[in-house]
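The values are calculated or read from the model by the stated rules, or taken from the named source; none is laboratory data. This one's a predicted model, so the numbers in the text were calculated from it and none came from an experiment. Cβ placement follows ideal geometry from the backbone for every residue including glycine, while neighbour counts extend to all protein chains displayed.
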Amino acid sequence: MIQFKDVSFTYGAYEGQLPVPAVDHVSFHIRKGSHVALLGRNGSGKSTIARLMNGLLLPDEGEVFVSGMNTADAHDIVEIRRRCGMVFQNPDNQLIGATVGDDAAFGPCNLGLPVGEVKSRVEESLKRAGLYEMRDRAPSDLSGGQKQKLAIASILAMKPDCIILDEATSMLDPVARREVMALILELKNKHGISIVQITHHMEEAVLADYIYVISDGRVALHGTPADVFDQADRVRAEGLAVPTHIEIAHRIAKAAGAAYHPDEIFTFEGAVAFTRHALRFIEDDQGAMGRAAALSSAGEKSEDSCHVSLSGQGAGCLREEKTDCSAGPAAHCEPVIEVENLSYTYDTHTGEPVAALTDVSLTVGRGEILGIVGHTGSGKSTLIQHMNGIIPSKKNTVRVLGRDLSERRTVRDIRRHVGLLFQYPEDQLFEETVALDIAFAPKQLERNPEEVEKAVLRAARRLGVESVLQRSPFELSGGQRRRVAIAGVLAAEPDIIILDEPAAGLDPAGQDELFADLLTLTSEGATLLIVSHDMETMARLCHRMIVMKDGRVAGDGSPNEITASAEFLESVSLSMPPSKSFLNCFTDRYPALDTSCFTAADAAVKLLLAAGGAAKADEPPAAPPGEVSNGKDKTHARAEFPLNRRTRQP
Amino acid sequence: MRSRSMLGRSVPGTSLIHRLDARVKFLGAVLLMGAALMVRDVRALGVLALWTVAVIIISRIRVILILRSIRPLLFVILFAVLVHVLTAEGRVLLQLGSFRITEEGLISGGLSALRLAFMVINTTIFLTLTTTPLDIADALESLLSPLRFLKFPVHEFAMMMSIALRFVPTLLDESTKIMKAQSSRGADYDTGGILHRIRGLVSILVPLFVSSFRRADDLAIAMEARCYQSGASRTKLHIAKLCARDIVFIILVIALFLMVLFGI
């Protein structure tokens, strides 16, 4: 279907700019009807490869063939693009029609098809995507997920053989992402359309038939998902993550000295069954148990590349230090934000008032890391915009640092204490240099130039952007721009920092690095509020979580309390963190199993300890009682270690 | 968060006015605008008022939406009234220092307010609320098509128009978001001197321009990926044919226009 023959591509080769090599002698062949995932860090060359596939870019060297047609042949280019439709990342920037129906008709009209044919194709493809009822609506009225489904429908109307998704789900929430994936899988399974998917989400990558990991414009790793994720260290070295259940099974296998086949632990159920088996082996065999204890403590330190779980463990140790704060709103910590019976309605353009918040009450304690989770439209963004007065509040509903935000003068004053970072904050950069942009906030505070400069340096250093201070923010990569934007908020040195999806769109390693940097803020007494859809990361990082649903607070408690019931999570459209749902499969075997952990490493240790405990209960004299508690102490010591190491890194 | 502005947003519906041909509505709106500007006597104004009320009722658009569409122009209307009231000569009703309020001033002020209101209401109903931006672009393309003989790229122009209109809501949302983000960084757009405010605008406009260019880039690639080729012949999806109601409508509007022009 799509064939790359020794393809190279360099940006800027023809425009007299500094050439930037993006694709370096890549060859592969994508078969008809297959589902291929392209993975790799931000800037590894994935998108360039995608654009070479349908002739949006032409190779400098080598050739690309689509169904035997060369993309360099101008004659065939329309046919190639008809066969290989492409869905892009930003839902707002790829819809062309002024209505849903017109957008679906855009492609067929370009092909010059007769009007009747265009109309029937539009109807058919919109029905398939479940958007037919909305055919006369404007694209701006659709949700993000619906926009992406429309983009897919608009391609379907051209009757393609292949759909290329260039991070098409990265700006969506988990529910919308699953819906889009379901549509894609249906197209593949029912209609035999090939799928090429670029993604940072490993739960999407595992759905593919074949994976290519791209690094610096080359194929670094390829194989079936089971084979690729079996090479866990190499996958992590490429900045990617290994699905949690596979990682737990790897660790247990190592501890038990058990052999396995990559296919066997590839599915969640398979990994659970294998782990069950391996743990029973540990229970039975004393020698294995000793090895398990040794491995569960020593295994950590030897594993250099285990950055996926680093930030989580860091939070784990923070969480334990500050248990008094994590007890909930009644904690003895000094409250910094108090919200009482806050309601907010706004008018839509059709004149219907919509209740965005209804009777919301909550308290945030000093030094807390609070997660605000909830589905899209649950009121999270509206809530945080009240916390620095961007949305004015009524009397006595929002108090920050003890001051009521209903007064304008207070709001101006309070903004220097509350840093609010919106989603995709890189869009707000505007100055000529990074340094000037970061200095924007401290300058507004009328500080003297030396103080401003110091604040800029401190913020830049914290986010690792001090080397680009004199460059224009617009020539940086996306990840760096994100960091500059965050530094721009931190430079005002706020006491309370509110972040809306700070890691959205970053690759897994980039996300972990960013969160590790942000966590260091709390060690200096800052309060952190993080808004996110990502339950696993939030459960790992936060002391406490607040769940929003339809503008109300649906849950408020420690990550463990919030994730206690699968039914509750489902009722608020959130998913159970995978490490916890993995452990939940073992509570029948080990009733005393502590399921309150949100990283694969923690989960493996907990399982090993539980298996050790079970063995001890079966045969009391066999295991010395000290060993287990000893092992537990080591767990704690280990939990602290990675964070320290991270923060020491420049 | 949805922007509250009405700019470029149509309200879907099936009323008689919704179903009128966009070209007819476009021409009608232009003629009505002319009529509203030229109207002099009270009788003709009354007919225009009746017409406008009838249009509002037939369009079945909620009055609040129409009022909201006038809101941005309220300042202009008030200003016009004020100028008329304060400058007209005539029978003095009230003398405040050097300011005189005259009967004629009040009448002509009221007239100009009504005139502007009719103009805005009619154009909004015909061109914004009941017509999608794409229909307008199509209508323009059709109305401008004679220019093709002068080598004017009519189709490209229409495509440009329709895309510009499609992105109005997106850009409005974006500017709101940027403004909020910069306010969070301590920017203050409400106080301070004019220079300070202009400086403040930079922090909104630069990111807005940069993102618009990026959007334009993205969109161009997305259009290319969907086989768009400039200059190539495309299927014309909306082939509008004039029917009886369109002709009746345009005759009515022309009659109204002539009536105002010649004072009946």
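Odds and ends about this structure:
- Residues that are in contact (Cβ under 8 Å) with a residue 40 or more places away in the chain and surrounded by 24 or more Cβ atoms within 10 Å (Cβ to Cβ) within the range A:478-489 comprise A:Arg482, A:Val484, A:Ala485, A:Ile486, A:Ala487, A:Gly488, A:Val489, listed in sequence order.
- Options B:Leu82, B:Leu111, B:Leu73, B:Leu86: the member that is over 24 Å from the mean Cα position of the chain (by Cα) and touching a residue at least 12 places away in the same chain (Cβ under 8 Å): B:Leu86
- Qualifying residue in the range B:152-166 (condition: part of a loop (DSSP other than H, G, I, E, B) and either among the β-branched types (Val, Ile, Thr) or more than 8 Å from chain A (Cβ to nearest Cβ) (or both)): yes
- Out of A:Ala503, A:Ala516, sole residue that is touching a Phe, Trp or Tyr at 6+ places or on another chain (Cβ under 7 Å), closer than 23 Å to A:Glu238 by Cα and crowded, with 20+ Cβ neighbours inside 10 Å: A:Ala503
- When each of A:Leu52, A:Leu18 is tested for being without any contact (Cβ under 8 Å) to a residue 40 or more places away in the chain, among the hydrophobic types (A, V, I, L, M, F, W, C) and out of contact with any Lys or Arg (no Cβ under 9 Å at 6 or more places or on another chain), the lone residue that passes is A:Leu18.
- Listed here are the helices (runs of 4 or more DSSP H) enclosed by the range B:9-107 that have at least 3 residues being closer than 21 Å to B:Ala244 by Cα and in contact with a helix residue (DSSP H, G or I) (Cβ under 8 Å, 6 or more places away or on another chain): B:16-19, B:22-38, B:42-59.
- Hey, A:Leu421 within 12 Å of chain B (Cβ to nearest Cβ) and within 25 Å of A:Gln480 (Cα to Cα) or not: yes
- If the condition is being more than 9 Å from chain B (Cβ to nearest Cβ) and in contact (Cβ under 8 Å) with a residue 24 or more places away in the chain, then the range A:131-145 contributes A:Leu131, A:Met134, A:Arg135, A:Leu142, A:Ser143, A:Gly144, A:Gly145.
- Hits in the range A:327-343 - residues which are of a type in the set (D, E, K, R) and either in contact with a Ser or Thr (Cβ under 8 Å, 6 or more places away or on another chain) or at pLDDT below 55 (or both): A:Glu338, A:Glu340
Residues are listed down the side, and each one gets a yes or a no for (1) more than 7 Å from chain A (Cβ to nearest Cβ); (2) aromatic (Phe, Trp, Tyr); (3) in a helix (DSSP H, G or I):
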residue	(1), (2), (3)
B:Gly200	yes, no, yes
B:Leu205	yes, no, yes
B:Met223	no, no, yes
B:Ser233	no, no, no
B:Asp246	yes, no, yes
B:Ile250	yes, no, yes
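- Entry remark, the range A:114-130: residues being within 7 Å of another protein chain (Cβ to nearest Cβ) and either buried (at least 21 other Cβ atoms within 10 Å of the Cβ) or in contact with a His (Cβ under 6 Å, 6 or more places away or on another chain) (or both) number 1 in total.
Yes or no, residue by residue, for (1) under 23 Å from A:Ala138 (Cα atoms); (2) in contact (Cβ under 8 Å) with a residue 60 or more places away in the chain; (3) within 27 Å of the chain's Cα centre (by Cα):
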{"residue": "B:Ser162", "(1), (2), (3)": "yes, no, yes"}
{"residue": "B:Pro169", "(1), (2), (3)": "yes, yes, yes"}
{"residue": "B:Leu172", "(1), (2), (3)": "yes, yes, yes"}
{"residue": "B:Gly192", "(1), (2), (3)": "no, no, no"}
{"residue": "B:Ile198", "(1), (2), (3)": "no, no, yes"}
{"residue": "B:Ser203", "(1), (2), (3)": "no, no, no"}
{"residue": "B:Val210", "(1), (2), (3)": "no, no, yes"}
{"residue": "B:Ile221", "(1), (2), (3)": "yes, no, no"}
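- Residue match in the range A:375-392 (condition: within 16 Å of A:Asp550 (Cβ to Cβ) and among the β-branched types (Val, Ile, Thr)): yes
- From the list B:Ala181, B:Ala187, the one residue that fits, being among the aliphatic types (A, V, I, L, M), at the interface with chain A (Cβ under 10 Å from one of its Cβ atoms) and part of a loop (DSSP other than H, G, I, E, B), is B:Ala187.
- Looking at A:Ala98, A:Ala37, just one residue is among the aliphatic types (A, V, I, L, M) and more than 9 Å from every other protein chain (Cβ to nearest Cβ), and that residue is A:Ala37.
- Residue within the range A:55-74 that is farther than 23 Å from A:Ala205 by Cβ, without any contact (Cβ under 8 Å) to a residue 60 or more places away in the chain and part of a helix (DSSP H, G or I) present: yes
- Meets criteria (over 30 Å from A:Cys84 (Cβ atoms) and in contact with a strand residue (DSSP E or B) (Cβ under 9 Å, 6 or more places away or on another chain)) for B:Arg185: yes
- Total residues in the range A:567-618, condition farther than 18 Å from A:Phe268 by Cα and acidic (Asp, Glu): 4
- Going through (1) surrounded by 22 or more Cβ atoms within 10 Å (Cβ to Cβ); (2) assigned to a loop (DSSP other than H, G, I, E, B); (3) within 14 Å of chain B (Cβ to nearest Cβ) one by one, A:Lys159 falls short only on (1).
- Of all positions in the range A:7-27, at least one carries a residue that is of a type in the set (Val, Ile, Thr), outside any helix (DSSP H, G or I), surrounded by fewer than 20 Cβ atoms within 10 Å (Cβ to Cβ) and in the same structural domain as A:Ala168 (by TED's automatic domain parsing).
- Among residues of the range A:584-601, those that are surrounded by fewer than 24 Cβ atoms within 10 Å (Cβ to Cβ) and in a helix (DSSP H, G or I), counted: 1
- Selection count where residues are more than 7 Å from every other protein chain (Cβ to nearest Cβ) and over 25 Å from the mean Cα position of the chain (by Cα), scope the range B:235-244: 3
- Yes/no for B:Leu143 being of a type in the set (A, V, I, L, M), more than 17 Å from the chain's Cα centre (by Cα) and under 30 Å from A:Ile96 (Cβ atoms): yes
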